Amino acid sequence: MGLLSEGINEVIATTRFNAAPMGIIYRGGHVRMVLFTGSHTAQNIERDRWVVANLVRDPVLYVTTAFSDLSHDEFFTITVNGVEMHRLAQADAWLACTVVIEHRRTESMAIRLMPLHEEVVSPSVSPINRGFNSIIDATVHATRYVISRDPALRALIDYHAGIVKKCGGERELRALDILYNKINALD
């Protein structure tokens, strides 16, 4: 499978009409994810045993899926190896996988992904944008901040916001507004 690179790949994972930003770990030829057991994504994966990794260039979609549910019309239904799955309508590329639960703990679950099929929907080259990368980092910190209210996480969010403001484009700035609206509503 050629869509993933060595390390942690930030994607939007989809399960049955559910989407959430996730890191997919690809090391030594093995593909894995670690999920919080209380999430809809983990519940769906445990029930259905599949996940689709969506590669997306829209920073607004990353932030939106971190904090909100999408409507059903924002998904495409696909059939892979006889299994009906859902991917994002806006995906630039996607990778469908079956899963095996390797370890289950009280708060987390480690799963191994077995790639079945991948497709590039919108082939294009995107330059590195530090604003986009910082939105991803700020979103990761924000999903943890809403649970813990840890001031250190808030400081990291603010740090990445500075990079977004300096380096991001219109979509990154819009994503940052959404992110701050979500976390400021909690304070």
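The values are calculated or read from the model by the stated rules, or taken from the named source; none is laboratory data. Computed from a predicted structure; not experimentally measured. Counting neighbours? That spans all protein chains shown, and the Cβs are built from the backbone with ideal geometry, glycine included.
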Scope the stretch 157-169; condition part of a helix (DSSP H, G or I) and either in contact with a strand residue (DSSP E or B) (Cβ under 8 Å, 6 or more places away or on another chain) or under 15 Å from Arg130 (Cβ atoms) (or both); matching residues: Tyr159, His160, Ala161, Gly162, Ile163, Val164, Lys165, Lys166, Cys167
Assuming Ile178 fulfils every condition listed in (1) crowded, with 18+ Cβ neighbours inside 10 Å; (2) touching a Phe, Trp or Tyr at 6+ places or on another chain (Cβ under 7 Å); (3) in contact (Cβ under 8 Å) with a residue 24 or more places away in the chain apart from one, which condition is it? (2)
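Table: residues versus (1) surrounded by fewer than 22 Cβ atoms within 10 Å (Cβ to Cβ); (2) touching a residue at least 40 places away in the same chain (Cβ under 8 Å); (3) in the same structural domain as Gly168 (by TED's automatic domain parsing); (4) touching a Leu at 6+ places or on another chain (Cβ under 9 Å).
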site	(1), (2), (3), (4)
Arg32	yes, yes, no, yes
Arg47	yes, no, no, no
Asn54	no, yes, no, yes
Asp58	yes, yes, no, no
Thr65	no, yes, no, yes
His72	yes, yes, no, no
Thr77	yes, no, no, no
Glu84	yes, no, no, no
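Going through the stretch 123-171 one residue at a time, which ones are acidic (Asp, Glu) and touching a Lys or Arg at 6+ places or on another chain (Cβ under 9 Å)? Spell out how you get there, then give the answer.
Of the residues in the stretch 123-171, the ones acidic (Asp, Glu) are 137, 150, 158, 170.
Scanning the stretch 123-171 gives a single hit, Asp150.
Select, from Asn129, Asn181, Asn133, the only residue that is at negative phi and over 18 Å from the mean Cα position of the chain (by Cα).
Values: Asn129 fails: over 18 Å from the mean Cα position of the chain (by Cα); Asn133 fails: over 18 Å from the mean Cα position of the chain (by Cα).
Every option except Asn181 fails the conditions.
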By residue number, the members of the stretch 44-56 that are more than 13 Å from Trp94 (Cβ to Cβ) and within 16 Å of the chain's Cα centre (by Cα) are Asn44, Ile45
Of the residues that make up the stretch 67-85, is at least one among the aliphatic types (A, V, I, L, M) and closer than 24 Å to Lys182 by Cα? yes
In the list Ser122, Ser126, Ser134, which residue meets the criterion of being among the small types (Gly, Ala, Ser) and in a helix (DSSP H, G or I)? Ser134
